[in-house]
Amino acid sequence: MYDAVYRQKVTDLLQITSLPITLRNELGSRHSIGLPALSGEYRSVDGTRRYLLGLEDGRTVETVLMPEDGRDTICISSQVGCPVNCQFCLTALMGLERSLTAGEIVGQVLFVMKAHELTTGVDRLNIVMMGMGEPLLNLPNVLKATRILADPDGVGLPVRRITVSTAGIVPKIEELGREPIRPKLAISLNASNEEQRRELMPITRKYSLKDLLDACKAYPLRSWEKLTFEYVLLKGVNDTDADARRVAKLLANLNAKVNLIALNPGPGITFETPEPERVHAFQSIVRRSLPCFVRKPRGLDIFAACGQLKRQEVPTIELV
Ligand code: SAH
């Protein structure tokens, strides 16, 4: 059954032909398998697709496919809504409805693979747990989903191509580090000092920047692994040269790289997006100390980009 569900991606118990028909009928009368139901699909001019997927209890969650030459990235959710109140993120405005089960996390990947006929081993697929929710506040299910996704007898995706991102739940970072099968770790830094981070990410009042960096220092990286730090640039707030120098200094002793994300705007978000020149100036300062990249926004026009997931049902927004 495991092979049928995860490797062959069968979605109906009756189709598991390796089981005797009487057993299939018996199982079918008591249990069901299957994928989340398509409840909305939005296509961006850049090829990105955002899916609104229906769960068994009628709630919906979002999954995003970002195709690129020779490489596709699927961004999946770990919770319906999010309990972390980051001031620049639209998902935060929803609050938390509930955590997803491991099946619902894996189901998002299977849904997209099936819809686009993507095959492990043939298509280069990356999975990022950077959709709705705070994955480390749903760690047991995130880990169970990772084991199924990374199992060569299951979905069969290399574990190095699975990344989990956290707002910085310090004790859970330590717990994650003790797991034998775990995704790569990305951390949403988003500020260059304690005070600024407390303003932008209230969660930091509980888990300080200092404790977060200590946990990062102690984190057991595998030989092929670096820590990724995401940094959302907010015009006039955390995007100055001084901020860039502080970021470089904070991360100097870590085996890390930085991904800069210029703010993706949205209704109810009061911050502004810095000009590209500012983003590049920031990047060149950080680059003197560690690798630093600018993340290209994907699916901005369909509410699919970082921080924009809020189950928007109108198809597109006007880009100015
Ligand atoms: N809760 C986890 C997983 C979500 S990842 C986490 O915080 O890491 C989503 C990423 O998008 C985070 O790095 C977050 O800081 C970033 N983000 C949130 N709102 C954004 C916005 N409006 N524009 C650009 N990036 C944003």
Review point. Does anyone have the angle between helix 102-115 and the longest principal axis of the chain? Alpha-carbon axes, 0 to 90°, nearest 10?
Key: 80 degrees
Exercise for review: Take each of the peptides 141-152, 297-308, average the number of other beta-carbon atoms within 10 Å over its residues, and list them starting from the highest.
Suggested key: 297-308, 141-152
Point to revise | 3J(HN,Hα) from dihedral phi, the range 262-278, Karplus parametrisation 6.51/-1.76/1.60, rounded to Hz, x for glycine, proline | key: 5, 3, 8, x, x, x, x, 9, 8, 7, 10, 8, x, 5, x, 4, 5
Study note, to complete from the structure: So, relative contact order of the range 1-159 in percent, Cα under 8 Å, 6 or more apart, is 21 percent
Review point. With each label point set 7 Å from Cα along the Cα-Cβ vector, what nm distance links Asp3 and Ile21?
Key: 2.2 nm
**Study point:** Residues whose placed amide H lies under 5 Å from that of Thr166, excluding near-sequence neighbours
**Key:** Ala186, Ile187, Ser188
Check your understanding: Counting each DSSP H run of 4 or more residues in the chain as -39500 (n - 2.57), what helix-only mean residue ellipticity at 222 nm follows after dividing by all residues, to the nearest 500 deg cm²/dmol?
Key -> -7500 deg cm²/dmol
Point to revise | For the chain, the fraction of alpha-carbon pairs in successive 10 Å shells from zero, as % | key: 6, 26, 35, 23, 8, 3, 1
Practice item. Subtract the Cα-Cα distance of Asp241 and Glu275 from 0.36 nm times their separation in residues, and report this length gain in nm to one decimal. Key: 10.9 nm
Study note, to complete from the structure: Cross-link reach from Lys249 to lysines, straight Cα distance under 24 Å and at least 8 residues apart if same chain, gives Lys184, Lys206, Lys210, Lys217, Lys226, Lys235, Lys257
Exercise for review: With r as the distance between the Cβ atoms of Arg30 and Ala218 and R0 = 45 Å, compute the FRET efficiency 1/(1 + (r/R0)^6) and round to 0.05.
Suggested key: 0.45
Point to revise | Whole-Å semi-axes of the range 1-138's equivalent ellipsoid (Cα gyration tensor) | key: 29, 20, 12
**Study point:** DSSP beta bridge pairing in the chain, given as percent antiparallel to the nearest 5
**Key:** 45 percent
Study note, to complete from the structure: Between Asp12 and Asn85, Cβ-based FRET efficiency (R0 51 Å, step 0.05) works out to 0.80
Point to revise | Residue-span extension gain [Lys206 to Glu41] - 0.36 nm each, minus C-alpha spacing | key: 55.7 nm
Review point. How many angstrom separate the Cα center of the range 169-210 from the Cα center of the range 30-83?
Key: 25 Å
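None of the figures in this text is laboratory data; all of them are computed from the coordinates on show. The shown structure was predicted, so the numbers you read here are calculated from the model rather than taken from an experiment. Here the Cβ is made from the backbone with ideal geometry for all residues, glycine too, and neighbour counts use every protein chain on show.
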